[in-house]
Amino acid sequence: MSLEPRSRWRPALVGGVALLTGLVAGCSGMKGNGPPAPDRSSGQVSHWVDGATVASVAKTLQVQLPAAATEAKAAHLEGLQDDGLIMAFVLPKDEVDEFVAQLKPERPLGLREQPLARSTNPSTPFSHLGLPEPDLLARVREGQVCAPCEDNLNWLKVAVAQVDDRTSRVYLSGVD
């Protein structure tokens with residue numbers, strides 16, 4: 001039996017495999033004209049937005065920062081599908097209830113006496129703002145403001161923790 005007929009096809013087969021390999025390699029590296037792909041080397045699919053301000057985050061959260069607020073901080077975490085928004089500020093103790101009432105929470109805020117074992121919001125930590133996590137503090141009033149909310153805001157939560165005898169820190173977190 002002669003191997004002559006098979007050897008005739010060998011150059012065509014090698015050429016076809018080379019062409020197919022080239023096409024697969026070329027297509028897998030294409031990014032198209034869309035937005036750049038996430039940095040897969042770091043595993044990050046979200047990032048903190050540079051230049052996010054208290055005003056821009058407050059607008060997205062549909063909240064007006066009280067005039068008496070001090071130490072206001074905010075951040076915006078841009079994700080693939082949803083964005084995380086956090087904002088915190090200090091208010092005189094006697095103005096906190098008025099601010100919370102303006103938010104119109106679904107139910108009155110509940111008091112959590114003991115800190116939780118771990119944060120329930122690890123994707124948008126207040127530690128990014130240099131603040132303690134409200135979940136890890138004792139004697140925190142907290143609750144859901146809305147879910148779903150108006151416009152593109154999916155949900156908004158509020159937590160209030162006493163700073164000292166005269167002031168409390170208000171923590172707001174939401175998903176847009």
Checklist entry - If we count every other residue with Cβ under 10 angstrom of V49's Cβ, Lys/Arg +1 and Asp/Glu -1, where does the sum land? => result -3
Checklist entry - Leaving out same-chain residues fewer than 8 places away, which aspartates and glutamates sit with a Cα under 14 Å from that of K93? => result D164, D165
Next on the checklist: Please report the accessible area of S127 (heavy atoms, 1.4 Å probe, ligands and nucleic acids excluded) in Å², nearest 10.
Outcome noted: 70 Å²
Next on the checklist: For the stretch 113-176, what does the accessible surface come to per residue with a 1.4 Å probe? Please give it in Å².
Outcome noted: 54 Å²
Checklist entry - Under a plain spin-label model, where a point goes 7 Å from the Cα along Cα-to-Cβ, how far apart in nm are D94 and D82? => result 3.9 nm
Checklist entry - Under a point spin-label approximation (7 Å from Cα along Cα-to-Cβ), what is the R118-Q64 distance to one decimal in nm? => result 4.1 nm
Checklist entry - Roughly to the nearest percent, how much of the accessible area of the stretch 57-111 is carbon and sulfur, given a 1.4 Å probe? => result 46 percent
Checklist entry - How much net charge surrounds L91 when only the other residues with a Cβ under 14 Å from the Cβ of L91 are counted, with Lys and Arg +1 and Asp and Glu -1? => result -2
Next on the checklist: Around L156, under 14 Å between beta carbons, what's the net of Lys plus Arg minus Asp minus Glu among the other residues?
Outcome noted: -3
Checklist entry - Ranked highest first by the average count of other Cβ atoms within 10 Å around their residues, in what order do 140-151, 100-111 fall? => result 140-151, 100-111
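The values are calculated or read from the model by the stated rules, or taken from the named source; none is laboratory data. As the structure is a computational prediction, the values presented were derived from the model and not from experiment. Neighbour counts are summed over all protein chains in view; Cβ atoms, including those assigned to glycine, are modelled from backbone coordinates with ideal geometry. In case anyone asks, the SASA skips ligands and DNA or RNA and just uses the protein heavy atoms, side chains included. Shrake-Rupley method; radii C 1.70, N 1.55, O 1.52, S 1.80 Å.
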